[in-house]
1. For residue 5, which sequence-distant residues (separation of 5 or more, or a different chain) have an amide H within less than 5 Å of its own amide H, given hydrogens modelled in the peptide plane?
2. All other residues with a Cβ under 13 Å from the Cβ of residue 31 taken together, and with Lys, Arg as +1 and Asp, Glu as -1, what is their net charge?
3. Given a 1.4 angstrom probe, what's the average accessible area per residue across the chain, in square angstrom?
4. For residue 16, enumerate residues with amide H under 5 Å from its amide H, sequence gap 5+ or separate chain, H modeled in the peptide plane.
5. Please report, as a whole percent, how much of the solvent-accessible surface of region 5-69 comes from carbon and sulfur atoms (probe radius 1.4 Å).
6. Calculated from the structure, Cα Rg over 2.2 N^0.38 Å equals which of (1) 1.07; (2) 0.97; (3) 1.22?
7. Under the Karplus relation 6.51 cos²θ - 1.76 cosθ + 1.60, θ = phi - 60°, what is the ordered set of whole-Hz ³J(HN,Hα) values for region 52-64, x standing for Gly and Pro?
Amino acid sequence: MKGNKGLIDCCICEDKVDLHLHPINGEVYWDKGHNAYPIKDGRCCNDCNSKYVIPARIYAINHPDAVIH
């Protein structure tokens, strides 16, 4: 999947979102990125999803009264 970028900009880092390819036939099955909430409203790339969005969601689960920006 590395090097395969879509047309949508990541709302966090402004790079292009990654294309998700079928592992057998290599066809694109998703080109919309990931939901960037709670970091931002919009779509994000794989790297920002892993580095920022998922950790923020885990933090929110463990700290339900915290406000995440």
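The values are calculated or read from the model by the stated rules, or taken from the named source; none is laboratory data. Just so it is clear, the structure is predicted and the values come from calculations on it, not from any experiment. Cβ sites come from the backbone with ideal geometry, for glycine too, and all protein chains shown count toward neighbours. Accessible surface is based on the protein model in full, side chains and every heavy atom, while ligands, DNA and RNA are left aside. Shrake-Rupley method; radii C 1.70, N 1.55, O 1.52, S 1.80 Å.
1. The answer is 19.
2. Details: positive: 5, 16, 32, 43; negative: 9, 18, 27.
Counting the neighbours of residue 31, the net charge comes to +1.
3. 72 Å²
4. Hits under the 5 Å cutoff: 10.
5. Details: 2540 of 4580 Å².
Its accessible area is 55 percent carbon and sulfur atoms.
6. (3)
7. Each residue's phi maps through the Karplus curve to give 10, 5, 4, x, 5, 5, 5, 4, 5, 5, 7, 9, x Hz.
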